[in-house]
Amino acid sequence: MPADRSGELITDTADPGIPVVVVLGCGETGPVGADLRSIPEMVLVAIEAALHDADMAWDDIDATVTASVDLVDGLTASGVAVTEVVGAVLRPETRIAADGLAAAIHATHQLSAGAYRTVLVVAHGKASMAPYWDLTAWAVDPVMLQPLGVDFLTIAALQARLLAGTDTTVMHRWAELVADRRGAAGGGIAGPVTVDDVLGSIEVATPIRAQMCAPLGDGACAVVLGVPRSGSLEGTVLISGTGHDLSPHYPGDGNLSEWAGLRRACSRAYAAAGIDDPETAFVVAEPSCLFPHEETLFVEATRIGRSTTVSPDGGLFAGTAPVAAGLSRLVRAVRAVAGRPGRRALAHGTWGPAGQGQAVAVVEAR
Amino acid sequence: MIDPTDEPLSVSLDMDLTWRYAAGDAMTRFLEDVGRGRLEASRCDVCGRRYLPPRPFCGMCRVRIDGWVAVEDTGVLEAWTVVHLPIRDGRTGEMRPSPYGMGLIHLDGADTSLNHYLDTAEPERLTIGARVRAVWRRDRRGAMDDILHFEVLS
Amino acid sequence: MIVQGSIRLSFTYAAGRIGSRFLVGLRDSRVILGAHCSRCALVVCPARAFCPVCSTGMDDLREVGPGGTVEVWSTVPGRGTYGMIRLDGADTALVHRLLGDAGLWEPGARVVARFAAKRIGSITDIEGFERGEP
Amino acid sequence: MRPVAVIGTGQTKHAKARLDVSQPELVREAASAALEDAGIRPQDVDAVVISNMELFEGRAFPELWVGEGAFAAGKPCLKVATGGTSGTSACIAGFHQAASGAFDIVLVVGFEKHSEGHTQTGMALTDPFWDRAVASGAVGNFALSISQYMSARGVTEQHAAMVAVKARRNAANNPHAHLQMPDLTVEQVLESRMLAHPVRLLDMCPQSDGAAAIVVASGNAARRHCRQPAWVHAAVTRHDQPYLGDLDRRLVTMRALRDAARAAYSEAAITRPLADIDVAEIYEPVTYAELAWYEALGFCEDGNAGRLIEEGVTGMDGELPVNPSGGVLSTNPVGASGVIRVAEISAQLMGRAGSRQVPGVRTALATGYGVYAWSDVIVMRTEKP
């Protein structure tokens, strides 16, 4: 829908003076195993899809927030590669070096602040460029952890092991979860698997097996957010609450048994969205889980209930691109509630080892 | 409490990472042409700007670009310097010999300019506005350094 | 067209005021230090500058270990086994290598640090932890 | 944008190598100083924004390790990076977050520890199809643009040397500054080693280890915590086309900075920049850039920048003192440099700039500049907007 540029801002009844933020359009590429387009070419396709979805033109965009990570792109100041294709020449652009959902949250702050009326949020990642887990070694404490050879995968495995405890059936349940998720996606970018395939795949870090990991690929994602003026919110999807959080870094501090950061992020988002009972609040949740054990952590931290469908189209287990992951979850969450007034969905993004960085957004159809 | 030490320690770590960069349609076409000793710029149909490096999108008009236009390997020197600071070559990882000349060259037929090396055999001839020409490598492989450097025309 | 590009460079990270004291302890005295937060009454290991709970600066370092208890482990093929080890006297776990009998570690196993003969002031001055009591 | 203000600032001692502290400890020094200056406690901070050019230190997601130094554990924390404008971008992100209604107090911390890595990393990972084959690094790129600028505007090496002298002498009044050279002369600058014609060693900024922080507060919180907040009147970002050969991003043109300044002046009702602005902290990685910014920021007509420095207009006793701190030319921890600009003008507005205080500052300007054509322009005042 075109952004109406005249009239009064529609403000949130809970907090007068703060305009509501709506999702105006979404676009995605992939994810695919390897996208042979350049990063700017790939990003451009996602943006054009988002503008088309929003029925908006480039001139309707006031500002851009991009998410990219230099070491993932193998490029210094990686934002520079996309500045031109995100339409930021002689315009405001902010670059967040974290998951794309965090970029979207920053965009909602810009909009609530009254700085802009429409913001384009863009995230991209290409796991085909370099071995992703090797890169993550350069994101852990270089004094106490990195010399030992520790990366995000190692820490995720310790976390999985901790959660498994003495439960002898857990591996089977995790394998079932992965098979189900990939089945829901028609196999996704890595194809369908059976429980036996998962359990028979090679161990990459006990207890995590190769086929348990969400398959990493290439993709870009774009979302147009805005503050609507005048008229009715009917038919729109609002971002009614957001939260993000950074936990302490060192994995031995007792922070591996839960996603406490996500719990804090959710309490901020739920408060803003006026959600008292998360157990019944959402029709769909779209977590950014790379491993099956993370879904357990996600469900506990978000306190979602059985009435919430988790990852109806397979989630990241269908395939995912680094950095773009969380923004693509926002897209799925929006699509899950669009045209279903009163329904809410929860989008989630994470970065860092064992979920150290967390972001969450509540979307709500009107 | 254990005695504090004033000895500051540090930890050295070696980075050895490799990426595979997809050039994409526009840059691939351009570099393949360079390998054949030809230069082409992307041309925006709306504003007419002829862009080097080539790109998929005109940031001024915010439209896709798919036009191409031939560019000469001669042009005008817009800016020049002689760099005395040794620098690591981004592709080989080796230090590059210095001093060396660098220029911004407005190629005939383009609307942006090309940053490239300059022949510094006769440094007094490096002046803004000088006519220059590309000196091509014989063993070209489709990369920007298929042009060795630019030399000032007499 | 795909172009390959590499980076081969060395980086040197300062261990800092507290990290240096921890590393000097390993190197010179084969001692493992934790940091005590007076507000939280917590000893965290490895010693570091800020309390992970209350963010207060810490400079009260205390010897912990060298014995400890394995909380959890993971084997990475080709790289070895990593564990979280709660050292005696510490309230948090140290992430380090477990040596020997891969895949047989049970939570609660008692281990003790094995120090390298040649120590340079690095977390790897501890080669890892092996079964046993100090 | 709803009103926001800076209510406290903090900086480390900047130096060639801060071997005594780890990255988190360095960040903590600046963060603690800022909280103390603002008179608030760590638990009063609602969110944190971090600025750093992580590849210089060979890191990814640097906030994961250093976040605790910035009091970010258990709080919303994001990392912003846009080259030279990283710091000003992070400040603007902090302004937006504090104005959003979501947070009352946002701590912005920028840092760099050049001694731990390489600016060469930056070079090694430039555009793989173009610049890696034909690059000359930051100094070479500046030199190219400068040769054109000198030719077009009649600026001389002497003019540039005067900027170098002004910066390093000003820095002698700044206890945080990296290079303090109270006795530097124009002759010494002109005799310093040639790096890339016409840029000499003393024309260039140093590479520093350091951190800087500001405490940003929403309008109500600012009033509550601070008697004289530094209020934000305009915060404008403009980016430009990406390649060195793209014509309009050179010193001669600098259209992104010009456009940002135009928009910021319009928002802040500044019509005669030289008269309306009382102090400026501008991001000048090289002496010649300061001269070009005078023109782009409208301190003088194009072609008159040399006269401005000759006549001392931008000196400490001039009509518009530029960079009382000594600027980027004296201190350059890249991820912090933009935060330093905003911290310095905030301190000037709050009357807390010590021996580098300019008397009677009511309107102040800060800019950020990134080689890849990023420009930020920020206007702040003692008066609430």
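Listing for the model above:
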{"quantity": "Residues of region A:288-325 with amide N under 17 Å of a point placed 7 Å along Cα→Cβ from A:Arg340", "calculated": "A:304-315"}
{"quantity": "Computed label-point distance, nm, for sites D:Thr185 and D:Lys16 using a 7 Å Cα→Cβ extension", "calculated": "2.4 nm"}
{"quantity": "Centre separation in Å (Cα based) which lies between region D:129-181 and region D:194-253", "calculated": "15 Å"}
{"quantity": "DSSP bridge orientation in the protein assembly as shown - percent antiparallel, rounded to nearest 5", "calculated": "85 percent"}
{"quantity": "Within the protein assembly as shown: Cβ-based charge dipole about Cα centre, in debye rounded to nearest 20 (Lys, Arg +1; Asp, Glu -1)", "calculated": "400 debye"}
{"quantity": "10 Å beta-carbon shell around A:Pro353, net charge (K/R +1, D/E -1)", "calculated": "-2"}
{"quantity": "Whichever aspartates and glutamates have a C-alpha closer than 15 Å to that of D:Lys75, once near sequence neighbours (fewer than 8 apart) are set aside", "calculated": "A:Asp245, D:Asp44, D:Asp46, D:Glu63, D:Asp104"}
{"quantity": "Peptide B:97-103, shielding by other chains (average Cβ, 10 Å cutoff)", "calculated": "4"}
{"quantity": "For region A:59-76, Karplus couplings with θ = phi - 60° (6.51, -1.76, 1.60), whole Hz, Gly/Pro x", "calculated": "5, 7, 8, 7, 7, 10, 10, 10, 10, 7, 10, 3, 6, 6, 7, x, 8, 5"}
{"quantity": "Cα-based helix-to-principal-axis angle, A:39-54 vs chain A, degrees rounded to 10", "calculated": "50 degrees"}
{"quantity": "Dipole axis of chain D (+1 Lys, Arg; -1 Asp, Glu on Cβ), positive-most option in D:Gly210, D:Thr237, D:Ala33", "calculated": "D:Ala33"}
{"quantity": "Mean-position separation - Cα centroids, region D:293-321 and region C:98-134, in angstrom", "calculated": "65 Å"}
{"quantity": "Where only alpha carbons of the protein assembly as shown are counted, the Rg and the Dmax (Å)", "calculated": "27.9, 84"}
{"quantity": "Gap separating the Cα centres of region A:111-142 and region B:57-89, nearest whole Å", "calculated": "29 Å"}
{"quantity": "Interchain or long-range residues, amide H under 5 Å from D:Lys79's placed H", "calculated": "A:Ala97, D:Ile50"}
{"quantity": "Residues in region D:138-154 reached by a label modelled at B:Ser98 [backbone nitrogen below 19 Å; 7 Å Cα→Cβ]", "calculated": "D:138-147"}
{"quantity": "Accessible surface buried upon D-A contact (total; probe 1.4 Å; Å², nearest 100)", "calculated": "4500 Å²"}
{"quantity": "In Hz, Karplus ³J(HN,Hα) per residue of region D:239-254 (6.51, -1.76, 1.60; θ = phi - 60°; x = Gly, Pro)", "calculated": "10, 9, 4, x, 9, 4, x, 6, 5, 8, 10, 8, 4, 5, 9, 6"}
{"quantity": "Within straight-line cross-link reach of D:Lys166, lysines at Cα separation under 26 Å, skipping those fewer than 8 residues along the same chain", "calculated": "D:Lys13, D:Lys16, D:Lys113"}
{"quantity": "Label zone at B:Glu7, where the point sits 7 Å out along the Cα-to-Cβ direction: region C:103-134 residues whose backbone N lies under 13 Å", "calculated": "C:119-122"}
{"quantity": "DSSP bridge pairs, chain A: antiparallel proportion in percent, nearest 5", "calculated": "75 percent"}
{"quantity": "Acute angle (nearest 10 degrees) that the helix A:325-337 long axis makes with the longest principal axis of chain A, alpha-carbon atoms", "calculated": "60 degrees"}
{"quantity": "Selection from D:Gln43, D:Ile7, D:Ser89 lying farthest towards where the dipole of region D:1-134 points positive, charges on Cβ", "calculated": "D:Ser89"}
{"quantity": "Label-point separation in nm, C:Ile2 to B:Trp136, each point 7 Å along Cα→Cβ", "calculated": "2.9 nm"}
{"quantity": "Antiparallel content of DSSP bridges confined to chain B, in %, to 5", "calculated": "95 percent"}
{"quantity": "Backbone HN-Hα couplings from phi across region D:316-323 [Karplus 6.51/-1.76/1.60, Hz, Gly and Pro as x]", "calculated": "4, 9, x, 5, 9, x, 10, 6"}
{"quantity": "Förster-model FRET efficiency, 51 Å R0, A:Arg366 and D:Arg362, C-beta, rounded to 0.05", "calculated": "0.65"}
{"quantity": "FRET efficiency for B:Glu32 and D:Arg223, using Cβ-Cβ distance with R0 set to 45 Å, rounded to 0.05", "calculated": "0.10"}
{"quantity": "Packing-based ranking, highest mean first, of D:318-330, A:217-229 given that Cβ atoms within 10 Å are counted", "calculated": "A:217-229, D:318-330"}
{"quantity": "Packing-based ranking, highest mean first, of A:263-274, A:72-83, C:110-121, B:69-80 given that Cβ atoms within 10 Å are counted", "calculated": "A:72-83, A:263-274, B:69-80, C:110-121"}
{"quantity": "Burial of 10 Å² or greater, region A:222-245 residues [accessible area, probe 1.4 Å, versus chain by itself]", "calculated": "A:His244, A:Asp245"}
{"quantity": "Between 0 and 90°, nearest 10: helix B:24-35 axis offset from chain B longest Cα axis", "calculated": "70 degrees"}
{"quantity": "Extension gain from C:Leu104 to C:Glu127, taking 0.36 nm per residue of separation minus the Cα-Cα distance", "calculated": "6.4 nm"}
{"quantity": "Carbon + sulfur, % of accessible area of chain A - ligands and nucleic acids excluded, 1.4 Å", "calculated": "50 percent"}
{"quantity": "Where trypsin sites (Lys or Arg not before Pro) in DSSP loops with at most 10 other Cβ within 10 Å are excluded, longest remaining stretch of chain D", "calculated": "D:1-192"}
{"quantity": "For A:300-308, mean number of other protein chain Cβ atoms within 10 Å", "calculated": "0"}
{"quantity": "Solvent-accessible surface (1.4 angstrom probe) belonging to A:Thr296, in square angstrom, nearest 10", "calculated": "60 Å²"}
{"quantity": "Largest-first ordering by accessible area, 1.4 Å probe, given options D:Val6, B:Val135", "calculated": "B:Val135, D:Val6"}
{"quantity": "Shielding of D:15-21 by partner chains, average beta-carbon count, 10 Å", "calculated": "4"}
{"quantity": "Solvent-accessible surface ranking, highest first, for C:Ser10, D:Ser346, B:Ser154 at 1.4 angstrom", "calculated": "B:Ser154, C:Ser10, D:Ser346"}
{"quantity": "Alpha-carbon Debye profile of chain A, log10 I(q)/I(0) at 0.07, 0.08, 0.13 Å⁻¹", "calculated": "-0.28, -0.36, -0.99"}
{"quantity": "Efficiency of FRET from Cβ geometry, D:Lys384 and D:Asp317, R₀ 35 Å, rounded to 0.05", "calculated": "0.75"}
{"quantity": "Dipole in debye (nearest 20) - chain D, about Cα centre, beta carbon charges: Lys, Arg +1; Asp, Glu -1", "calculated": "580 debye"}
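The values are calculated or read from the model by the stated rules, or taken from the named source; none is laboratory data. The structure displayed is predicted, hence computed values, not measured ones. Because the Cβ atoms are built from the backbone with ideal geometry, glycine has one as well, and the counts that use them run over all protein chains shown. What goes into the accessible areas is simple: the full protein's heavy atoms, side chains included, and nothing from ligands, DNA or RNA. Shrake-Rupley method; radii C 1.70, N 1.55, O 1.52, S 1.80 Å.
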